[in-house]
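Have a look at the structure below before the remarks.
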Amino acid sequence: MSAGPTGMDEQTTQSPMEQKLRRVVGKITQLPALPDNVLKITRIIDNPHSTAEAVGREIAKDQALSAQVLKLVNSGFYGFSNPISSIPHATVLLGFNVMRSLVISTSAAGLISKSFPGLYEHSLACARTSYMLSRSLGLEEPEELSAIGLLHDIGKVVLTQYLKDECQAVFSLVSKENIGFYEAEQKVMGVTHVDIGRWLLEKWHLPPQSVEPIAMHHQFDPESEYRNRAAIVHLADLLVRAEGFGSGGDNRMPPVNHQALRFLDIGPGDLKMLMDEMVDQLYDIPRGQ
Ligand SMILES: [Fe+2]
Ligand SMILES: [Fe+2]
């Protein structure tokens, strides 16, 4: 810390919270980068002059990535009656946005599974539920919503891996005061996994239609351009927590945002039906971790 203009150490003039925040943000500058090949793929996808063949060719250069993406494409999730065997073909069928989401989700999945126990299962459950909800509620691009659902708690991954002291303090407060993870983050750091997730995904050059819903999944903003996506991710998170798929790092349900539910025009009867459908579809994901 450098001396301030008065000659006094600046640290002494900062509140403890400000010092903490600066420390967190300082560490955040070391956020993990996407692998070079994934960055190159996303750059090609973002170029309006790129063709599906060019995107497909770039993905296909990485055999492990192509295999994982094709596995997802053929998982039954996308409803293709015949298996898709080539990445360029998948790109033509699914479009650039979905391919970007698939490539980033595939890379992020490994990172998420290295976080605390149950977060990967929670994220996967949220991905599938976001997809199911967007289809049931007639929203466009359910595939993108699925990727957003997978990434919605990516800030918690960063916290576990890059902010170990703060993460430890958050977990201690969660159990000591029996509060939610989000509330404990606010008390410990003044920022939450939502802010950290936004910083990371912006660094990864994800478009606002993916970043905003993630940044809003605990604080719904009815004025936001992406409010329908944010409402879906918020609801998916709640349903998954209510049924105990995986773990969000605490034993408390996140508060329900009634505005988001009203926005989706979901009544109590619909909620029960959607919940039953979700439980059916998530049969292979463990509960109560
Ligand atoms: Fe969250
Ligand atoms: Fe979550």
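Below is a table of values for the structure above.
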quantity	calculated
Residues being within 15 Å of residue 93 (Cβ to Cβ) and touching a Lys or Arg at 6+ places or on another chain (Cβ under 8 Å) - total across segment 55-71	0
Any helices (runs of 4 or more DSSP H) falling wholly within segment 204-289 and containing at least 2 residues that are touching a Cys at 6+ places or on another chain (Cβ under 8 Å)	227-242
Search result, residues across segment 219-237 that are among the β-branched types (Val, Ile, Thr) and away from ligand 1 (no atom under 13 Å from the Cβ)	232
Filter pass, residue 215 being within 12 Å of ligand 1 (Cβ to nearest atom), in contact with a helix residue (DSSP H, G or I) (Cβ under 8 Å, 6 or more places away or on another chain) and free of Cβ contacts under 8 Å to residues at least 24 places away in the same chain	yes
Which listed residue, of 252, 229, 287, is surrounded by 15 or more Cβ atoms within 10 Å (Cβ to Cβ) and closer than 16 Å to residue 149 by Cα	229
Qualifying residue in segment 44-59 (condition: of a type in the set (Lys, Arg) and more than 24 Å from residue 114 (Cβ to Cβ))	yes
Failed criterion for residue 67 (all others in (1) at pLDDT below 85; (2) among the aliphatic types (A, V, I, L, M); (3) loosely packed, with under 13 Cβ neighbours inside 10 Å; (4) farther than 23 Å from residue 199 by Cβ hold)	(1)
From 286, 268, 254, residue being within 14 Å of ligand 2 (Cβ to nearest atom), at pLDDT below 90 and not β-branched (Val, Ile, Thr)	254
Lone unmet requirement of (1) more than 16 Å from ligand 1 (Cβ to nearest atom); (2) more than 21 Å from residue 100 (Cβ to Cβ); (3) within 18 Å of the chain's Cα centre (by Cα); (4) of a type in the set (Phe, Trp, Tyr) for residue 263	(3)
Residue within segment 157-174 that is touching a helix residue (DSSP H, G or I) at 6+ places or on another chain (Cβ under 6 Å), of a type outside the set (A, V, I, L, M, F, W, C) and within 13 Å of ligand 1 (Cβ to nearest atom) present	no
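Here is a yes/no grid of residues against (1) in contact (Cβ under 8 Å) with a residue 12 or more places away in the chain; (2) within 16 Å of ligand 2 (Cβ to nearest atom):
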site	(1), (2)
81	no, no
90	yes, no
109	yes, yes
121	yes, yes
128	yes, yes
134	yes, no
147	yes, yes
152	yes, yes
160	yes, yes
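The values are calculated or read from the model by the stated rules, or taken from the named source; none is laboratory data. Since this is a predicted model, take the numbers as computed values, not measurements. Virtual Cβ from ideal backbone geometry, glycine too; neighbours counted across all protein chains shown.
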